[in-house]
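*Asks:* Mind having a look at this structure? Questions to follow.
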Amino acid sequence: MTTQEHSFYTTVQRNYDKAAALTDWPKGLLAQIRECNSVYQMRFPVKVGNHYEVIEAYRVQHSQHRQPTKGGIRYSAMVDQEEVMALASLMTYKCAIVDVPFGGAKGGIKISPHKYSENDLKKITRRYTVELIKKGFIGPGIDVPAPDYGTGEREMAWILDTYLTFSRGEIDAVACVTGKPVNQNGIRGRTEATGRGVYYGIREACSNAEDMKAIGLTPGIAGKRIVVQGFGNVGSYSAAISQNEGDAKIVGVAEYNGTIYDPKGIDVAKLLKHRKKTGSILGMAGTKTLANKQDWISIDCDILIPAALENQINAENAHKVKAKIIAEAANGPVTAGAEEILLEMGIMILPDMYLNAGGVTVSYFEWLKNLSHMRFGRMEKRFNQNTYSSIIDTVEKLTHQNIGDKEKRIITRGADEIDLVRSGLEETMVTAYHNIRDLKKRRKKIPDLRTAAFINALDKVASDYMAMGVFP
Ligand code: GLU
């Protein structure tokens with residue numbers, strides 16, 4: 001990022017202002033929504049080896065217009081108050097866009113997780129959770145953390161265990177955090193959810209012939225050449241699902257230590273195995289390693305998926321982009337300076353606050369599952385299975401034909417939890433895309449999809465505030 005460019009938080013606020021100016025909501029209300037309501041900065045000591053380290057950490061609640069507030073916890077050396085504030089703000093808009101009834105929040109601990117042993121990470125996570133409990137910053141109806149960059153189900157299990165230690169008799173206690181392991185009150189399909197949502201979003205955008213024509217592409221995700229920057233949880237699932245279910249071609253993958261490229265397409269499953277074995281994506285058979293670490297930006301492709309951190313596409317490198325679509329799987333990967341250049345170049349940007357909302361959507365399903373104390377599908381699976389079987393029997397009787405055993409099994413299957421989660425996620429992502437796109441089409445003054453997404457979110461958050469009677 002160049003020094004003239006704005007910080008991530010300023011970019012979010014500028015994008016907000018650009019959208020807010022196109023609405024008729026009262027100025028005071030727009031000013032209230034824009035700010036982060038509660039910022040909790042903490043320092044606590046943790047014994048690492050023989051010495052004590054002072055850990056810097058945050059939890060920010062951007063808006064309590066709906067409760068609980070919701071958002072992940074990030075472990076990264078880059079964490080600072082402004083970054084967490086930017087991410088918490090995005091969570092408010094993200095939840096509103098996909099109609100998930102939460103306010104936005106985010107947490108961060110300023111550490112490089114790979115520099116710590118598992119035991120140290122456990123101590124840090126537990127202590128962080130205790131700090132949240134002490135100040136009333138966590139709870140099923142207050143604020144519900146989840147995984148983010150540098151954290152996963154292991155950390156969520158530690159948070160849950162710590163919370164349970166302090167919550168005697170609280171019946172819904174396990175809903176205090178989402179993204180938990182399935183055997184500890186998690187939900188099937190949460191780990192893949194953000195990547196799967198990214199796939200549904202891209203697929204939906206690509207399915208519109210008119211929009212694709214406008215950017216010089218044919219409709220459909222099948223055959224589209226994709227480059228993924230960042231091959232963590234979000235990047236790897238986005239790539240794998242786009243390849244397996246969408247028939248897209250993954251032509252490039254970039255990580256912190258380099259980029260691999262193969263115009264014929266990289267087999268994502270094989271790449272994951274290769275990385276597991278060697279510790280790196282580099283050296284994968286059949287692929288070329290690009291000389292410069294930054295070369296991912298200029299690979300000839302149709303869709304570029306930045307799936308790592310913020311500010312990756314900036315005013316310095318934006319002009320090198322060859323893709324026609326930038327699909328923001330990460331939060332804030334495009335700076336304000338880059339956005340101007342990219343829009344000028346006619347590139348379509350699928351905005352983060354819509355495109356990566358699959359994670360929080362499935363977190364919502366997990367939270368609901370925890371509150372209902374029952375797995376999805378338990379009540380209706382057998383009933384549906386029996387109904388479908390009797391339909392098949394009737395058809396067979398009437399037609400005097402037999403449906404094969406394999407087909408019968410497919411047709412009569414009742415939905416399991418994973419089927420329902422995927423179905424709910426697909427419905428959410430498809431509906432939200434059309435809401436944003438239609439809004440942009442309907443109101444000619446809205447210049448781009450990000451602004452449309454912001455206005456969609458803002459209208460919902462503002463109506464909630466109005467309904468509370470805060471702004472008569
Ligand atoms: N960290 C994810 C995000 O940025 C998921 C948040 C959640 O599930 O609450 O959207």
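The values are calculated or read from the model by the stated rules, or taken from the named source; none is laboratory data. What you are looking at is a predicted structure, and each value in this text was computed from that prediction instead of being measured. All Cβ positions, even for glycine, are placed from backbone atoms using ideal geometry, and neighbour counts span all protein chains on display. Each accessible area value is taken on the protein alone, full model and side chains, heavy atoms only, with ligands, DNA and RNA left out. Shrake-Rupley method; radii C 1.70, N 1.55, O 1.52, S 1.80 Å.
*Asks:* Tell me which chymotrypsin sites (Phe, Trp or Tyr not before Pro) from segment 174-276 have a DSSP coil assignment and no more than 14 other beta carbons within 10 Å of their own.
*Replies:* Details: sites: Tyr199, Tyr200, Phe231, Tyr237, Tyr256, Tyr261; in loops: Phe231, Tyr256.
Listed in order of number, the matching sites are Tyr256.
*Asks:* Any chance you could tell me what percent of the C-alpha pair distances in segment 99-194 go past 24 Å?
*Replies:* On the way: 795 of 4560 pairs.
Here the long-distance tail beyond 24 Å is 17 percent of all Cα pairs in segment 99-194.
*Asks:* Right, here's the next one. So what's the gap between the Cα centers of segment 433-465 and segment 131-146, to the nearest angstrom?
*Replies:* One Cα centre to the other: 31 Å.
*Asks:* Moving on to the next point. Please report, ordered by residue number, every helix of the chain (full DSSP H runs) that is 30 Å or longer along its axis going by C-alpha atoms and whose mean Kyte-Doolittle hydropathy reaches -1.0.
*Replies:* Details: long enough: 417-442 (37 Å, -0.65).
Helix filter hits for the chain: 417-442.
*Asks:* Identify the residues of segment 298-318 with backbone N under 18 Å of a label point that sits 7 angstrom from the Cα of Thr218 along the Cα-to-Cβ direction, or state none.
*Replies:* 301-303
*Asks:* Which shape class applies to segment 1-135: rounded if a/c is under 1.5, otherwise prolate when a/b exceeds b/c and oblate if not, where a ≥ b ≥ c are the square roots of the Cα gyration tensor eigenvalues?
*Replies:* On the way: a/c = 2.76, a/b = 1.84, b/c = 1.50.
It is prolate, given that a/c is not under 1.5 and a/b is the larger ratio.
*Asks:* Ordering Lys369, Lys106, Lys277, Lys293 from largest to smallest accessible area (1.4 angstrom probe), what's the sequence?
*Replies:* Numbers: Lys369 25, Lys106 5, Lys277 180, Lys293 115 Å².
These residues rank, largest area first, as Lys277, Lys293, Lys369, Lys106.
*Asks:* Over the alpha carbons of the chain, what is the largest minus smallest coordinate on each principal axis, giving the biggest first in Å?
*Replies:* 75, 58, 58 Å, listed from the longest principal axis down.
*Asks:* Distance between the C-alpha centers of segment 298-347 and segment 23-61? Whole Å please.
*Replies:* 28 Å
*Asks:* Hey, another quick one. Using the C-alpha atoms of segment 297-414, what convex hull volume per residue, in cubic angstrom, is computed?
*Replies:* Taking only Cα atoms, segment 297-414 has a hull volume of 173 Å³ per residue.
*Asks:* Where nothing but the Cβ of Lys and Arg (+1) and of Asp and Glu (-1) is charged, how large is the charge dipole of the chain around its Cα centre, in debye to the nearest 20?
*Replies:* For the chain, the charge dipole is close to 640 debye.
*Asks:* Please compute the modelled spin-label separation between Glu170 and Arg442, points set 7 Å along Cα→Cβ, answer in nm with one decimal.
*Replies:* That separation, rounded to one decimal, is 4.0 nm.
*Asks:* Length gain on complete extension for the stretch Ile392 to Ala291, per 0.36 nm per residue less the alpha carbon to alpha carbon distance? List each step's numbers first, then the result.
*Replies:* Numbers: separation 101, 0.36 × 101 = 36.36 nm, distance 5.93 nm.
So the chain would gain 30.4 nm between Ile392 and Ala291.
*Asks:* Shape call for segment 239-380 from the C-alpha gyration tensor, a ≥ b ≥ c root eigenvalues: rounded (a/c under 1.5), prolate (a/b greater than b/c) or oblate?
*Replies:* Numbers: a/c = 2.26, a/b = 1.34, b/c = 1.68.
It is oblate, given that a/c is not under 1.5 and a/b is not larger than b/c.
*Asks:* Any chance you could run the full-extension gain for Glu380 through Glu118? It's 0.36 nm times the residue separation minus the Cα-Cα distance, nm to one decimal. Can you show the working numbers first?
*Replies:* On the way: separation 262, 0.36 × 262 = 94.32 nm, distance 4.09 nm.
Gain on extension, Glu380 to Glu118, equals 90.2 nm.
*Asks:* Something else now. Using only DSSP helix segments of four residues or longer, with each worth -39500 (n - 2.57), what per-residue ellipticity at 222 nm results for the chain after dividing by its residue count and rounding to 500?
*Replies:* Values: 16 runs with 211 residues, N = 472.
Helix contribution divided over all residues of the chain: -14000 deg cm²/dmol.
*Asks:* Right, something else. Among the listed pairs Lys18/Lys224; Lys106/Lys460; Lys270/Lys406, which are separated by more than 23 Å between their Cα atoms?
*Replies:* Values: Lys18/Lys224 32 Å; Lys106/Lys460 20 Å; Lys270/Lys406 29 Å.
Among Lys18/Lys224; Lys106/Lys460; Lys270/Lys406, the Cα-Cα distance tops 23 Å for Lys18/Lys224; Lys270/Lys406.
*Asks:* Tell me which aspartates and glutamates have Cα within less than 16 Å of Lys324's Cα, excluding those fewer than 8 residues away on the same chain?
*Replies:* Straight-line reach from Lys324, under 16 Å: Glu204, Glu210, Asp211, Asp300, Asp302, Glu339, Glu340, Glu344, Asp448.
*Asks:* Of the listed peptides 264-274, 429-439, what is their order by residue-averaged count of other C-beta atoms within 10 Å, with the highest listed first?
*Replies:* On the way: 264-274: 16.1, 429-439: 18.6.
Descending mean neighbour count gives 429-439, 264-274.
*Asks:* What is the distance, in nm, between label points placed 7 Å from the Cα along the Cα-to-Cβ direction at Leu371 and at Gln81?
*Replies:* Taking the two extended label points, one gets 3.3 nm.
*Asks:* Distance in nm between label sites at Lys273 and Ile403, each 7 Å beyond Cα in the beta-carbon direction?
*Replies:* 3.6 nm
*Asks:* Taking the Cα centroid of segment 83-124 and of segment 213-245, what is the distance between the two, rounded to the nearest whole Å?
*Replies:* So the separation of the two Cα centres works out to 26 Å.
*Asks:* Per residue and in Å³, how big is the convex hull formed by the alpha-carbon atoms of segment 15-75? Walk me through the numbers before you get to the answer.
*Replies:* Details: hull volume 7.0 nm³, N = 61.
Per-residue hull volume (Cα only) is 114 Å³.
*Asks:* With a/c under 1.5 counting as rounded, go ahead and sort segment 170-246 into rounded, prolate or oblate using the C-alpha gyration tensor (a ≥ b ≥ c being the square roots of the eigenvalues; past the cut-off, prolate if a/b is larger than b/c, else oblate).
*Replies:* Prolate.
*Asks:* Which percentage, to the nearest 5, of the DSSP beta bridges contained in the chain is antiparallel? Could the numbers behind the result be given before it?
*Replies:* Numbers: 23 of 48 bridges.
In the chain, approximately 50 percent of DSSP beta bridges are antiparallel ones.
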